[in-house]
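Step one of this worksheet: look at the structure below.
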Amino acid sequence: MGLIFLSLALARQVRRHGEPFKPPVALISGGECTVTVRGRGRGGRCGEFLLALALDLAGLDSVHALAADTDGIDGSEDNAGAYLAPDSLARAASTGLSAKRLAANNDSYSFFSVLGDLVVTGPTRTNVNDYRVILIQ
């Protein structure tokens with residue numbers, strides 16, 4: 001989760017203070033994050049990254065993010081990853097979803113599935129890397 005926390009801190013710093021980069025900026029990273037599984041939910045590394053980002057950046061507007069695995073499968077599910085919009089938490093709350101509860105159960109798949117924000121590519125038959133981008137406008 002170290003990469004996740006570093007990405008979150010950098011995104012917050014850019015959005016709130018314009019440092020070390022002034023928006024608009026795209027923060028791009030690759031490599032596979034690690035996840036400590038404590039719950040019984042569905043999802044993988046990319047979804048976990050985005051749900052953590054959503055919870056951490058709650059209240060900050062103009063931040064979009066995408067995380068996906070190049071093999072087309074995030075964990076054991078049928079999605080490659082997901083898309084996070086500035087209004088994702090609000091849309092989830094309007095459907096009765098608790099992002100915090102889902103995160104505690106490692107259930108990022110349910111969060112993004114209900115929102116219609118899963119990225120589904122099908123298997124690509126390659127496994128190069130996980131890809132993440134945080135766009136700060």
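The values are calculated or read from the model by the stated rules, or taken from the named source; none is laboratory data. Keep in mind the model is a prediction, meaning the values are calculated, not measured. We place every Cβ from the backbone using ideal geometry, glycine too, and count neighbours over all the protein chains shown.
From the list Ser88, Ser7, exactly one residue is crowded, with 21+ Cβ neighbours inside 10 Å, among the polar types (S, T, N, Q) and at pLDDT 85 or above. Which is it? Every option except Ser88 fails the conditions.
Can you pull out every residue in region 23-55 that is aromatic (Phe, Trp, Tyr) and modelled with pLDDT under 90? If you could, list the steps in order and put the result at the bottom.
In the first step, residues of region 23-55 are kept if they are aromatic (Phe, Trp, Tyr); the result is 49.
Result: no residue meets the conditions.
Counting only strands (runs of 3 or more DSSP E) that sit completely within region 1-89, those holding 2 or more residues that are free of Cβ contacts under 8 Å to residues at least 40 places away in the same chain correspond to 81-84. Hey, can you tell me all the residues within region 80-125 that are touching an Asp or Glu at 6+ places or on another chain (Cβ under 6 Å) and more than 17 Å from Arg42 (Cα to Cα)? Residues satisfying the conditions are Pro86, Thr124.
In region 106-134, the residues that are in contact (Cβ under 8 Å) with a residue 60 or more places away in the chain form Cβ pairs under 6 Å with partners that are surrounded by fewer than 21 Cβ atoms within 10 Å (Cβ to Cβ) and assigned to a strand (DSSP E or B), at six or more places apart or across chains, as follows: Asn129/Gly30; Tyr131/Gly30; Arg132/Ser29; Val133/Ala26; Val133/Ile28; Val133/Leu66; Ile134/Leu27.
Do we have any residue at all in region 105-113 that's surrounded by fewer than 14 Cβ atoms within 10 Å (Cβ to Cβ), touching a Leu at 6+ places or on another chain (Cβ under 9 Å) and either at pLDDT 95 or above or assigned to a loop (DSSP other than H, G, I, E, B) (or both)? No, region 105-113 contains no residue that is surrounded by fewer than 14 Cβ atoms within 10 Å (Cβ to Cβ), touching a Leu at 6+ places or on another chain (Cβ under 9 Å) and either at pLDDT 95 or above or assigned to a loop (DSSP other than H, G, I, E, B) (or both). Under the condition of being of a type in the set (A, V, I, L, M, F, W, C), touching a Phe, Trp or Tyr at 6+ places or on another chain (Cβ under 9 Å) and either surrounded by fewer than 16 Cβ atoms within 10 Å (Cβ to Cβ) or over 18 Å from Leu97 (Cα atoms) (or both), the residues counted in region 49-79 number 4. Residue-level check: of (1) modelled with pLDDT under 95; (2) not in a loop (DSSP other than H, G, I, E, B), Arg125 misses just (2).
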